[in-house]
Every structure is written in C-alpha cells, then in structure tokens.
Amino acid sequence: MEKEVSDFIQDSGQIKKKFQPMNKIERSILHDVVEVAGLTSFSFGEDDECRYVMIFKKEFAPSDEELDSYRRGEEWDPQKAEEKRRLKELAQQQEEEAAQQGPVVVSPASDYKDKYSHLIGKGAAKDAAHMLQANKTYGCVPVANKRDTRSIEEAMNEIRAKKRLRQSGEELPSTS
C-alpha cells in the first residue's frame with residue numbers, strides 16, 4: 001500500500017487514485033498511510049465487500065458535488081456538474097426575480113355578493129348587524145340577575161377564613 005501511495009505521489013499526472021474493494025481493516029490501514037503521506041482519502045460503496053478507497057492529492061481535493069456523485073455510485077463528470085450548477089443559479093435568479101415582483105394579486109371575475117344576491121338579499125347583513133342582541137341563555141346575564149355580588153377579593157378572603165376555621169376544628173358560622 002505504501003508503495004502504491006508513493007507511486008501516486010510521484011506521478012504528477014494523476015489527481016486521484018481508486019483502489020480495489022477491500023475489507024475494513026485494509027481500508028483503515030490505507031487511510032492511515034494516506035494521512036501520513038499528506039493526502040486526502042474517502043471510502044465509497046454500499047456493502048463491506050464492495051467498499052473501496054479513493055485517494056486525492058491535497059491540492060486537488062474533491063468538491064462536495066464530486067463526493068456526492070461517488071457516494072451514489074456514479075462517475076464524476078465535471079461538465080455535468082457545471083451544467084447542474086448553472087441550472088441551479090438560473091433557478092435561484094428566477095426565484096429572486098419573482099420575490100422582487102411581490103405577491104400576485106388575484107381578483108375574481110365576479111363579486112360573490114352579486115352572484116348570491118338572490119339567496120341572501122341586498123341588505124341582509126346590514127339589517128342583521130343593526131338588530132344584534134345577545135342571547136341571555138348564552139352567558140350574557142345582567143348584573144341584577146347575578147346572586148353573588150361580592151368581588152373576587154371578598155370571595156377569596158371568605159374561602160380562606162372557612163379553611164382556617166375548618167383546620168382549627170371550629171364549626172363554620174352560617175352565612176345567608
């Protein structure tokens with residue numbers, strides 16, 4: 001392994017080298033050798049039998065897109081990557097332009113009031129709004145009808161007094 005790595009370093013024409021699939025221990029040894037030599041290494045592949053190591057010279061370290069393509073099991077093609085990058089930039093520019101234009105205002109073709117005037121009438125909502133009265137059975141009780149006219153503080157003080165009396169064993173005075 002050391003000889004293959006040193007040959008790779010000596011060969012100025014090579015940027016990367018792909019090794020044959022190897023087991024976990026061999027890959028670990030190769031990663032250590034590559035690290036000592038000052039190179040970059042990555043393992044790719046699905047299963048332990050199919051995993052292989054690819055080494056790169058530091059000055060030609062792979063990009064994230066390149067590493068992603070190797071992880072997917074594809075061969076790296078710089079021209080395809082450049083095309084994808086350009087398409088991504090173009091899509092981003094289009095999104096920015098759309099954002100600068102602001103939200104699109106949608107106006108309906110017809111007004112719903114006109115469309116359903118035969119059902120709801122012209123002034124139905126206005127008449128109902130003028131005659132709004134609270135239904136007394138749903139919580140709108142006048143103050144005169146309420147039994148307890150004490151404030152919250154008075155009610156809490158009375159509850160505390162009853163509790164103290166109960167704890168001391170005395171009987172509660174009758175309140176009316």
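Surface calculation, 1.4 Å probe, protein heavy atoms: ARG27 sits at approximately 20 Å² accessible.
For the pair GLU2 and GLU75, the difference between a 0.36 nm per residue extended length and the Cα-Cα distance amounts to 23.7 nm. In the assembled protein chains, HIS118 presents an accessible area of approximately 140 Å² (probe radius 1.4 Å). Per-residue SASA remark: GLU83, around 100 Å² accessible (1.4 Å probe; ligands, DNA and RNA not included).
Here the calculated FRET efficiency for ASN23 and GLN101, from their Cβ-Cβ distance with R0 = 41 Å, stands at 0.10, rounded to the nearest 0.05. The modelled label-to-label distance between LYS88 and LYS162, using points 7 Å beyond Cα along the C-beta direction, is 7.1 nm.
Out of the total accessible area of segment 1-87 (probe 1.4 Å, heavy atoms of protein only), what percent is carbon and sulfur? Spell out each step's value before the answer.
Working: 2950 of 6100 Å².
That share works out to 48 percent.
How long is the gain from ASP47 to ALA109 if the chain were fully straight, where each residue apart is worth 0.36 nm and the alpha carbon distance is subtracted? Display every interim value, and only then the final one.
Working: separation 62, 0.36 × 62 = 22.32 nm, distance 6.06 nm.
Length gained, ASP47 through ALA109: 16.3 nm.
Coupling constants for segment 51-56 follow from the phi torsions by the Karplus curve (6.51 cos²θ - 1.76 cosθ + 1.60, θ = phi - 60°), and in residue order they are 6, 9, 10, 10, 10, 10 Hz; glycine and proline get x.
The values are calculated or read from the model by the stated rules, or taken from the named source; none is laboratory data. All figures in this text were calculated on a predicted structure; none of them were measured in a lab. Quick reminder, even Gly has a Cβ in these numbers, built from the backbone with ideal geometry, and neighbours come from all protein chains shown. What goes into the accessible areas is simple: the full protein's heavy atoms, side chains included, and nothing from ligands, DNA or RNA. Shrake-Rupley method; radii C 1.70, N 1.55, O 1.52, S 1.80 Å.
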